[in-house]
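Undergrad: Here's a structure for you.
The values are calculated or read from the model by the stated rules, or taken from the named source; none is laboratory data. Predicted, not measured: the structure shown is a model, and the values here were computed from it. Methodologically, a virtual Cβ is constructed for each residue, glycine included, from the backbone with ideal geometry; neighbour enumeration extends over all protein chains shown.
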């Protein structure tokens, strides 16, 4: 009888230890990071019948990383932005842009994609991204990088999960997100999501000057708790320029590197040339202003983040904190990430 009681006690202690360890793991803060991988796609010239086009591709990933360096949550989205110009040098820009995840079934991969893993079906892009995220969770960054085969597709594990598309861009974004991961108040049980807002402004070409279409891709990532409050977040912007002649000839340097504003850091130049809008005698660099905005968003819900915008700028508390730049797109992207 004593032996049975002893065994029962040992089992009970083991279970208690497991529950305790699980509770401690859930209670511990995890690192949070966001990464953006952006580059130019193909640029083509107009031929009189077909418009010329330029493409900017941006992949954003957000991760939560535990103390062992393992990813415990991941979200990925991609904005493939295409803009056009005519053989008369006139810019043609869409009124709105959607990411691949936002397009959902309208993206059309399930209808037209190839069944590369032979399971008799092709998942939609958002479903394939979900499958890849599921494979990424539980792995270190080195293990994630090893998921890419021949520089493009995923390993058998990735393809069996349902992700048969090329994953190299997505893995590069995840790698950047892990590299940027820093201490936060996020928990392993929090939800992590990215949000993207894209806008474009254009100038037609003339006989004396090239035309240009500036593409601004604002990205945000947020970790949110069960109450929908942001526990960690990040914001960044990628700016790219598509250029063309008065005859619609493509002149975009597609080999040019696209660095985000955060990646440019002090080289962005806002501190040197920006305006002192809050009257405190100084102008913070863009990355510093973004950090102030992120701090203002932390602890808020998506609805409360939306309320931070007044006439395109931040409320007084946001500006006093040092974020005096326009925050319309930043807030809109953060709202998407926090929803």
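Undergrad: Please go through the range 283-305 and give me each residue that is modelled with pLDDT of 95 or more and not in a helix (DSSP H, G or I), ordered by number.
TA: Within the range 283-305, 285, 298, 299, 300, 301 qualify.
Undergrad: Quick one: count up the residues across the range 49-68 that are closer than 17 Å to residue 184 by Cα, assigned to a loop (DSSP other than H, G, I, E, B) and touching a strand residue (DSSP E or B) at 6+ places or on another chain (Cβ under 9 Å).
TA: Total satisfying the criteria: 2.
Undergrad: Quick one: how many residues across the range 140-167 are closer than 16 Å to residue 76 by Cβ, touching a strand residue (DSSP E or B) at 6+ places or on another chain (Cβ under 7 Å) and surrounded by fewer than 18 Cβ atoms within 10 Å (Cβ to Cβ)?
TA: Total satisfying the criteria: 1.
Undergrad: Mind checking which pairs have a first residue in the range 302-324 that is farther than 22 Å from residue 228 by Cβ and a second that is in a helix (DSSP H, G or I) and modelled with pLDDT under 95, Cβ under 8 Å, 6 or more apart or different chains?
TA: Cβ pairs passing all conditions: 313/319.
Undergrad: Next question, about the same structure. Inside the range 83-100, can you point out the residues that are surrounded by fewer than 18 Cβ atoms within 10 Å (Cβ to Cβ) and either in a helix (DSSP H, G or I) or in contact (Cβ under 8 Å) with a residue 40 or more places away in the chain (or both)? Talk me through it step by step, then tell me what you get.
TA: Filtering the range 83-100 down to residues surrounded by fewer than 18 Cβ atoms within 10 Å (Cβ to Cβ) leaves 88, 90, 92, 94-96, 98.
Listed by number, the residues that qualify are 88, 90, 92, 94.
Undergrad: Taking the condition of being surrounded by fewer than 22 Cβ atoms within 10 Å (Cβ to Cβ) and over 24 Å from the mean Cα position of the chain (by Cα), how many residues in the range 212-248 meet it?
TA: Summing the residues that are surrounded by fewer than 22 Cβ atoms within 10 Å (Cβ to Cβ) and over 24 Å from the mean Cα position of the chain (by Cα) in the range 212-248 gives 5.
Undergrad: Next question. Residue 103 fails exactly one of the following numbered conditions: (1) in a helix (DSSP H, G or I); (2) over 30 Å from residue 49 (Cα atoms). What is the number of that condition?
TA: For residue 103, the exception is condition (2).
Undergrad: Report yes if some residue within the range 145-155 is in contact (Cβ under 8 Å) with a residue 40 or more places away in the chain and either outside any strand (DSSP E or B) or over 30 Å from residue 248 (Cβ atoms) (or both); otherwise report no.
TA: Step one: of the range 145-155, the residues in contact (Cβ under 8 Å) with a residue 40 or more places away in the chain are none.
No: zero hits.
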